[in-house]
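The structure appears below as structure tokens.
Bear in mind that the values in this text are calculations on the coordinates, not laboratory data. Computed from a predicted structure; not experimentally measured. Reconstructed Cβ throughout: ideal geometry from the backbone, glycine too, with neighbour counts over all protein chains shown.
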């Protein structure tokens, strides 16, 4: 009796390790890959997807560097992808296995983070822009200078992201957003000091909350948040700041130590299908780079100014290495000083 | 094992004793000693371009910890924690006292009420406070309805909101230890104080407070220490406008990718705990 039980246990173990091949470890942003898409993929391919989430690109990088976990597919933002490529932490993507890659708009391929288009597939594109509650703020708002005025003190929400804050001041001053030097930060400091005093809420996770509840009337937020606000109420206008707005591209990539490269390619091609990509847009209304999927979207979705703004500049964030410390120091200092 | 332990028990713990202690010792080693050692080592290291820790000796992180900006943040965090602790004592003591003096059946029910909030996730309870405190929220509407205030309350995302959140989160940790002390207090001592001519105030000051001191000290430790490092409440209810030490440490591990500096802040923070614990231990021993 005992032997039979033991044998069952052993064969069960074998069964478990046998199915391991049919699993995909996905490491992606929280609230970015709809459950319906994951379920659809599993139903079709019998590959189980383990969806582990992170809340910032830096967190993702830290966990990848720490090792321990092996991911088959990760979803870094552009500048983190750049770091991963430079440090040879990614497996090249086999474009032959991705027939649906042709659906992606050419302007989102071969971008500065992956100039040879060898390691990444664009997932969604977003911008950081201004949201205005037009019921309350009647005057025209065109750029950062119009938002950060003393009369709007305590009426502003911004994302709680130090690098974003600094980049807005840099472009306002006509400087390069990626040129983080002590000299440039010295120029940023007095302007940012004034801006920070005007802000009521710093919130990266859900900046729309403060706008919806009427706690604030203006915001500088992720476009996906702005798009949802617009879906909620048309009074929330989205404006790309005239000083210059940078888009961000969240990509999918396969880590160098991935165990299931084949399943990763299958998943990539699956989400590049127009009808699947549309499901992602339905739930997370960022800019979909998939042109065939866009054809399936409703008029209303396409007309959402936050989802499909007129992007004129494609200067994304680049990796700034140790300068991240300088930014953190500056913003901590200014926030404490008020 | 301490000297007194040996003399009290009359013998050293045997193999069975050590075996029973083993899980605890392993736990302590794996989750307290080793992480603290890693923290201490990292704090003297440097970071590379990627944010990985490089093992080359440097005291840069500590120089930064003791710069005015970060000392100011430490001071502010301590200030908020001290205010929270003071409010918790003022609010918590009467509650603990009443529960301790209640009949046995009521005592169990009242204690349950104190603990019920723990059945819900801390973050969900904090989000509930957002809906209460926002300017078109419950509190503001109520106060306007009964005409205590004229305009909507601008309470959320202010320092007041942070203190409300902190007091709410830590009040049970003040009530429970004081309750434990107050329950053991012999009523005859209070009656004796009255008989000997003590007024209520003097009885409170000279009999009740000294006898519940161990509970108060335990409560202070349980509230003050974690309140210094709290970062979720300052982010959610304070709007992340003014950084507390917890926020700064958290930032080092994610946005800034500067683990050595984060580790140095953590080490200094832990030393502060040790010192405050030591002071309280000495004072309660003296009492």
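For chain B, a Gaussian network of Cα nodes joined below 10 Å ranks B:198, B:45, B:88 by mean-square fluctuation, and the top entry is B:198. Relative to the dominant Cα principal axis of chain A, helix A:2-19 is inclined by about 50°.
Projecting label points 7 angstrom from Cα along Cα→Cβ for residue B:37 and residue A:282 puts them 5.5 nm apart.
Counting alpha carbon pairs within less than 8 Å and at least 6 residues apart, what relative contact order, in whole percent, applies to chain B?
Values: 288 pairs, mean separation 75.2, N = 287.
26 percent.
222 nm [θ] for chain B, helices only, -39500 (n - 2.57) per DSSP H run of 4+, per residue, to 500?
Working: 15 runs with 205 residues, N = 287.
Estimated from H runs of four or more residues: -23000 deg cm²/dmol.
Take the alpha carbon gyration tensor of the range B:1-121, find the square roots of its eigenvalues, order them as a ≥ b ≥ c, and report rounded if a/c is under 1.5; if not, report prolate when a/b exceeds b/c, else oblate. Here the range B:1-121 falls in the oblate category. Taking label points 7 Å from Cα along the Cα-to-Cβ direction, residue B:274 and residue A:186 give a separation of 4.0 nm. Let me make sure I get this right: for the range A:193-338, a, b and c are the square roots of the gyration tensor eigenvalues over alpha carbons, sorted descending. Under 1.5 in a/c it's rounded, otherwise prolate if a/b > b/c, else oblate. Which is it? Oblate shape, in that a/c is at least 1.5 and b/c is the bigger or equal ratio.
What shape does chain A take by its C-alpha gyration tensor, where a ≥ b ≥ c are the square roots of the eigenvalues and a/c under 1.5 counts as rounded, a/b above b/c as prolate, and the rest as oblate? Here chain A falls in the prolate category.
If I build a Gaussian network model for chain B, linking alpha-carbon pairs within less than 10 angstrom, which residue out of B:156, B:196, B:142 has the largest mean-square fluctuation? Evaluated over chain B, the most mobile residue of the options is B:196. Just B:40, B:81, B:182 to compare: in a GNM of chain B, with alpha carbon springs under 10 Å, which one fluctuates most? Among B:40, B:81, B:182, the largest GNM mean-square fluctuation belongs to B:40. Taking Cα atoms, how many degrees apart are the long axis of helix A:261-272 and the longest axis of chain A, rounded to 10 and kept between 0 and 90? Once rounded, the angle reads 50 degrees.
Inter-label distance, residue B:119 to residue A:232: 3.1 nm, where each label sits 7 Å from its Cα along the C-beta direction.
Stokes-Einstein diffusion for the range B:78-267, with the hydrodynamic radius set to the Kirkwood value over Cα pairs and evaluated at 20 °C in a medium of 1.002 mPa s, equals 113 µm²/s. For an R0 of 56 angstrom, estimate the FRET efficiency from the Cβ-Cβ distance between residue A:52 and residue A:194 and round to the nearest 0.05. After rounding, the FRET efficiency stands at 0.85. Taking the centroid of alpha carbons for each part, the range B:213-282 and the range A:50-102 are 33 Å apart.
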